Amino acid sequence: MTSPTYADHFSIHNLPYGIASSPSHPTPQCATRLNNTVIFLSDLQSAGLFSSIPSLPENIFSNTTLNPFASLPRDTQTQVRHVLQSILQTSSSLPESSTADITTVTMHLPVSIPAFTDYSASLPHNQHAGQIILNHPAPPPAFFHFPIGYAGRASTISISGNPVTRPSGHFYDRTDPSFPQTKKVIFGPSRALDYELELGIIIGKPLPRGQGLKAQDAEEHIFGLVILNDWSARDIQGLEMMPLGPLNGKNFATTISPWIVTLDALQPFKTSGPEPRVSLPPHLQDPGQFSYDISVVTELEAGTEKGASSSTVLARGNAKDLFWSIRQMCAHLASTGCDLRTGDILGTGTVSGEEEGSYGCLLEVTEGGKKKVKLVDGEERGYLVDGDVVRLTAWAGDGVGFGECVGQILPARD
């Protein structure tokens, strides 16, 4: 499983944040990236390059997570970005040994994650899933009133590159000759393993419990975005969701990309989103350009005995198709008095468009496994098989991209 470096995603207009280690920096610590160069920020702070920012605490970049830095006011983070852009105009400004080539660096989970909430903010995805599962394209009754979602499992979120073990669970045995007249429930390895292409919202400055939040004020609490793959066992999920939400069909694995792209970097790519279908309460009103023009791509490399094969592009979509904004998702979560904690992740839900070729999961691509998708090597897929590699990428433009979010499927445990 080899990966490109995506150097063109990380221009001086991006400067994302991550946690990295290298032979010269064996302890994981805060870093940024310019093209294929990883820059360890603690070295820059020790050299006094951020001395013009009095609100920046000492040694903050020596931490093994980005949480302390992410919790600072956005104005301080913006000042750090401006200083970085200034000093990176010339490499002579950088302290000796503060940099490493991306190929020599190990990336780590960028934040400590207190909680994970996963939304389902795409209208086409809800319509397609409804048609496939319930034979009716109508979205859930609440969809147009607020962003719908569920509480996920933060402890099973891992960084891009980590493998995903096929989960086991309860589901209907659809190979039983008497199905569907007799719905026999069995326990075993999932037969309908899927990916979901999403964006992940990383909470920065915390919001105290009981305070509430307006969508138009939410950006102060958003540190940035990552690519997120919410792996899904559709057969396990299908049984347990009647009548409650997903649990074991989702909680076994979630993968995120290692670099957090800030809202400052994404500012030039803001665009208008869909108009509300109903009258919204004040805290959810978010007029103007509240969406982001971010192109997303899904690729699948078929697992073989000799390793992964050539990749097949399964979908190309865009985050501007999401019905609800990332600001509205934050505001809705806080509307009951729920707090937002630094490092919390909010998934947008599957990013899908209306047209074939823009679907963000195999459930939609293969119509629930009924319609096989042909790969470039001639193989076919209804759902993922062991050895398959899923690669998600996202690109806003003008040197601002997310790199990749990749994972390979391993066989279920004995």
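Please work out which residue is most open to solvent (accessible area, probe 1.4 Å), limiting yourself to region 357-372 and to residues that are outside any helix (DSSP H, G or I) and more than 19 Å from Leu322 (Cβ to Cβ).
Filtering region 357-372 for residues that are outside any helix (DSSP H, G or I) and more than 19 Å from Leu322 (Cβ to Cβ), the one most open to solvent (accessible area, probe 1.4 Å) comes out as Lys370.
Does Leu84 meet the test of being surrounded by 15 or more Cβ atoms within 10 Å (Cβ to Cβ), part of a loop (DSSP other than H, G, I, E, B) and not assigned by the TED database to the domain that holds Ile222?
Criteria not met by Leu84.
Here are some conditions: (1) closer than 25 Å to Leu410 by Cβ; (2) open to solvent by 30 Å² or more (accessible area, probe 1.4 Å); (3) under 22 Å from the mean Cα position of the chain (by Cα). Leu333 meets all but one. Which one does it not meet?
Leu333 satisfies all of (1) closer than 25 Å to Leu410 by Cβ; (2) open to solvent by 30 Å² or more (accessible area, probe 1.4 Å); (3) under 22 Å from the mean Cα position of the chain (by Cα) except (1).
Please enumerate the residues belonging to region 341-356 that are closer than 15 Å to Ala319 by Cα, open to solvent by less than 10 Å² (accessible area, probe 1.4 Å) and in contact with a helix residue (DSSP H, G or I) (Cβ under 6 Å, 6 or more places away or on another chain).
Result: Leu346, Thr350, Val351, Ser352, Gly353.
Could you tell me which of the residues Gly273, Gly317, Gly307, Gly288 is at pLDDT 95 or above and open to solvent by 10 Å² or more (accessible area, probe 1.4 Å)?
Residue meeting the stated conditions: Gly317.
Considering region 41-71 alone, what residues qualify as being assigned to a loop (DSSP other than H, G, I, E, B), open to solvent by less than 60 Å² (accessible area, probe 1.4 Å) and either over 17 Å from Leu84 (Cα atoms) or in the same structural domain as Asp344 (by the TED database) (or both)?
Matches in region 41-71: Asn63, Thr65, Ser71.
Filter region 373-401 down to the residues that are small (Gly, Ala, Ser) and not in a loop (DSSP other than H, G, I, E, B), then identify the one that is surrounded by the fewest Cβ atoms within 10 Å (Cβ to Cβ).
Filtering first and then ranking leaves Gly397.
Out of (1) open to solvent by 10 Å² or more (accessible area, probe 1.4 Å); (2) aliphatic (A, V, I, L, M); (3) farther than 17 Å from Arg327 by Cβ, what's the single condition that is false for Ile148?
Status for Ile148: all satisfied but (3).
For region 195-232, which positions are farther than 30 Å from Cys361 by Cα and charged (D, E, K, R)?
Lys205, Arg209, Lys214, Asp217, Glu220
The values are calculated or read from the model by the stated rules, or taken from the named source; none is laboratory data. For clarity, every value in this text was computed on a predicted model and none was experimentally measured. Counting neighbours? That spans all protein chains shown, and the Cβs are built from the backbone with ideal geometry, glycine included. Side chains included, ligands, DNA and RNA excluded: accessible areas come from the protein's heavy atoms. Shrake-Rupley method; radii C 1.70, N 1.55, O 1.52, S 1.80 Å.
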